[in-house]
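Data block below; observations after.
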Amino acid sequence: MSTDQVALNPPLRGDGQGNYRILITGNSGTGKSTLGSDLESLLDIPLVSLDKIFWRPGWLQTPDDEFRSAVVAVLTRSEASWIVDGNYARKLGTLVQDLATDIIWLDPPLILYFPRLCYRTVLRLLKIAPPCSPGCQEDYREVFFSKKSILWWCLSSHRRIRAREAQLLPVEGIHVGGKRRRIGGWGRELKVWKRDVRDMVRAQ
């Protein structure tokens, strides 16, 4: 996309004053954290990982009220711009969605991202890759022999998350002037979109 086209159809809406509050959603393993880190570097705005707020050492869950308060506090400290990586709609409701200027739904094919999730999980089991939150080390029994497994969660949540997000697109999608954008496919669409973000930043 040319610079003029990016200006007419920006990859991010923002608030019109140069601020971007971006929520990245999608199933486990779809690349939310990776995209969040990329955008943090491109836009020079803070990245907030909901996993790191919710999960305490030893896989202890933060109580709902405390979790909500902690998220509000972090977003308030981040002021006008932030990137949030994670779902937690059941815990937070529409709190982050309502504050966001842009919602990016990562929706690659399951056959593409599930193997990547398996690979990442093995790296975490071997302590080569960091856990999703400090003190939350993956356990072989939980990963392979429990319904609490991140792998089982991914497989069982794929259709549910896709159905939930797809239901919101007709009323909140960018094609109707909304703030919700779906990025699917095998990687090219995401690559092009990130290129457009870089072009947008250069043009500012």
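If you wrap a convex hull around the alpha carbons of region 126-204, what volume per residue comes out, as a whole number of Å³?
177 Å³
Net charge around LEU99, counting only other residues with Cβ within less than 13 Å of its Cβ (Lys, Arg = +1; Asp, Glu = -1)? Display every interim value, and only then the final one.
Values: positive: ARG21, ARG68, LYS179; negative: ASP15, GLU79, ASP98, ASP102.
Net local charge, LEU99 excluded: -1.
Residue by residue through region 55-62, which ³J(HN,Hα) values in whole Hz follow from phi under the Karplus form 6.51 cos²θ - 1.76 cosθ + 1.60 (θ = phi - 60°), with glycine and proline marked x?
My calculation for region 55-62 gives 8, 9, x, x, 6, 7, 8, 6 Hz in order.
Please give every one of the lysines within straight-line cross-link reach of LYS179, meaning a C-alpha to C-alpha distance under 28 Å, and leave out same-chain neighbours fewer than 8 residues apart.
Correct list for LYS179: LYS32, LYS52, LYS91, LYS191, LYS194.
Based only on other Cβ atoms within 10 Å, what is the fewest-to-most ordering of ILE161, ILE103? Numbers along the way, then the final one.
Working: ILE161 19, ILE103 24.
Arranged by neighbour count, lowest to highest, ILE161, ILE103 become ILE161, ILE103.
Around SER146, with a cut-off of 12 angstrom between Cβ atoms, what is the net charge of the other residues, counting Lys and Arg +1 and Asp and Glu -1? Provide the component values of the computation, followed by the final result.
On the way: positive: ARG141, LYS147, LYS148; negative: GLU138, ASP139, GLU142.
Cβ neighbours under 12 Å give a net charge of 0.
Could you please rank TYR140, TYR20, TYR119, placing first whichever residue has the fewest other Cβ atoms within 10 Å of its Cβ? Don't jump to the answer; show the numbers that get you there.
Values: TYR140 9, TYR20 19, TYR119 12.
Fewest-to-most ranking of TYR140, TYR20, TYR119: TYR140, TYR119, TYR20.
Relative to the longest principal axis of the chain, what angle (0 to 90°, nearest 10) does the C-alpha long axis of helix 110-125 take?
It is inclined by approximately 50 degrees.
Which of VAL143, VAL84, VAL192 comes first, and how do the rest follow, when ranked by fewest Cβ neighbours within 10 Å? Can you show the working numbers first?
Values: VAL143 18, VAL84 30, VAL192 14.
Lowest count first: VAL192, VAL143, VAL84.
Once you list every other residue whose beta carbon is under 14 Å from the beta carbon of THR62, what net charge do they have if Lys and Arg are +1 and Asp and Glu are -1?
Numbers: positive: LYS52, ARG56, ARG68, ARG90, LYS91; negative: ASP51, ASP64, ASP65, GLU66.
Charge balance in the 14 Å sphere: +1.
Can you list residues from other chains, or at least 5 along the same chain, whose modelled amide H is less than 5 Å from the amide H of TRP82?
It is TYR20, ARG21, ILE22, by chain and number.
Between region 147-180 and region 88-116, what is the separation of their alpha carbon centroids in Å?
6 Å
Hey, could you get me the Stokes-Einstein D for region 59-139, Kirkwood radius over alpha-carbon pairs, 37 °C and 0.692 mPa s, rounded to whole µm² s⁻¹?
Working: Rh = 15.2 Å.
For these conditions, the coefficient is 216 µm²/s.
Using only helices, what value at 222 nm comes out for the chain when you add -39,500 (n - 2.57) per DSSP H run of length 4 or more and divide by the total residues, to the nearest 500 deg cm²/dmol?
On the way: 10 runs with 107 residues, N = 204.
Taking each H run of at least 4 residues, the total per residue is -15500 deg cm²/dmol.
Would you pull out the residues with amide H under 5 Å of GLN137's amide H, same chain only if 5 or more places away, H placed 1.01 Å from N?
Placed amide hydrogens put GLY58 under 5 Å from GLN137.
Regarding region 164-204, what are the three Cα extents along the principal axes, ordered largest first, in Å?
33, 26, 12
With N set to the number of residues, divide the alpha-carbon radius of gyration of the chain by 2.2 N^0.38 Å and report two decimals.
Working: Rg = 17.2 Å, N = 204, 2.2 N^0.38 = 16.6 Å.
For the chain, the normalised Cα radius of gyration comes out at 1.03.
For region 35-40, just list the computed ³J(HN,Hα) in residue order, Karplus coefficients 6.51, -1.76 and 1.60, θ = phi - 60°, integers in Hz, with x standing in for Gly and Pro.
5, x, 5, 4, 5, 4
Out of SER28, SER49, SER149, any idea which swings most in a Gaussian network model of the chain, alpha carbons joined below 10 Å?
SER149
Every read-out reported here was derived from the displayed coordinates using simple, explicitly stated rules and does not represent laboratory data. Being a predicted model, the structure only gives us computed values, none of them experimental. Glycine gets a Cβ as well: all are built from the backbone with ideal geometry, and neighbour counts include every protein chain shown.
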